[in-house]
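Since the structure comes first, as structure tokens, the remarks are kept for the end.
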Amino acid sequence: MRRLKRLRRTNENNTNTTLNLSNTNDKCIKSIMEGEMKETIVTYLPYFLSANTIYAMLLAGNKKKNAWAFGLVGQLAWLIWILLSESWGLLPMNIALWVVYGRNYVKWRGK
């Protein structure tokens, strides 16, 4: 397992600054940056995404009001997966579905 202790970057003055990640309280972000958690999420999250999408569409087909809430939860999970897997081509679809599912949720909520 790789250990990432320091992240070096260049600031506006072209001098090196160091961000020390070993003192960070946010171990989740550190773990994701190290790659182990990222690889697990990128590998296994699509199974949840598939199941959630199928279930949300079944609910919508049965005219259930909470179908669009399941769709919105799924879009959040999709966004996480898109960012971690760096699948930028799926980002426009994700944004469009946020709008569609949100619109449908608001319209169906009143019925």
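Provide a single number: the residues in the range 61-87 that are without any contact (Cβ under 8 Å) to a residue 12 or more places away in the chain and in contact with a helix residue (DSSP H, G or I) (Cβ under 7 Å, 6 or more places away or on another chain).
Of the residues in that region, 1 qualify.
Return the residues of the range 63-90 that are in contact with a Leu (Cβ under 8 Å, 6 or more places away or on another chain) and more than 15 Å from LEU49 (Cα to Cα); say none if nothing qualifies.
ASN66
Among the numbered criteria (1) at pLDDT below 85; (2) in a helix (DSSP H, G or I); (3) exposed (fewer than 11 other Cβ atoms within 10 Å of the Cβ); (4) among the small types (Gly, Ala, Ser), which single criterion is violated by SER22?
Only one criterion in (1) at pLDDT below 85; (2) in a helix (DSSP H, G or I); (3) exposed (fewer than 11 other Cβ atoms within 10 Å of the Cβ); (4) among the small types (Gly, Ala, Ser) is unmet by SER22, namely (2).
Report, by residue number, each residue of the range 63-111 that is basic (Lys, Arg), part of a loop (DSSP other than H, G, I, E, B) and modelled with pLDDT of 90 or more.
Result: LYS63, LYS64.
The values are calculated or read from the model by the stated rules, or taken from the named source; none is laboratory data. As the structure is a prediction and not an experimental result, all values here were calculated from the model. Note that each Cβ is placed from the backbone with ideal geometry, even for glycine, and that neighbours are counted across all protein chains shown.
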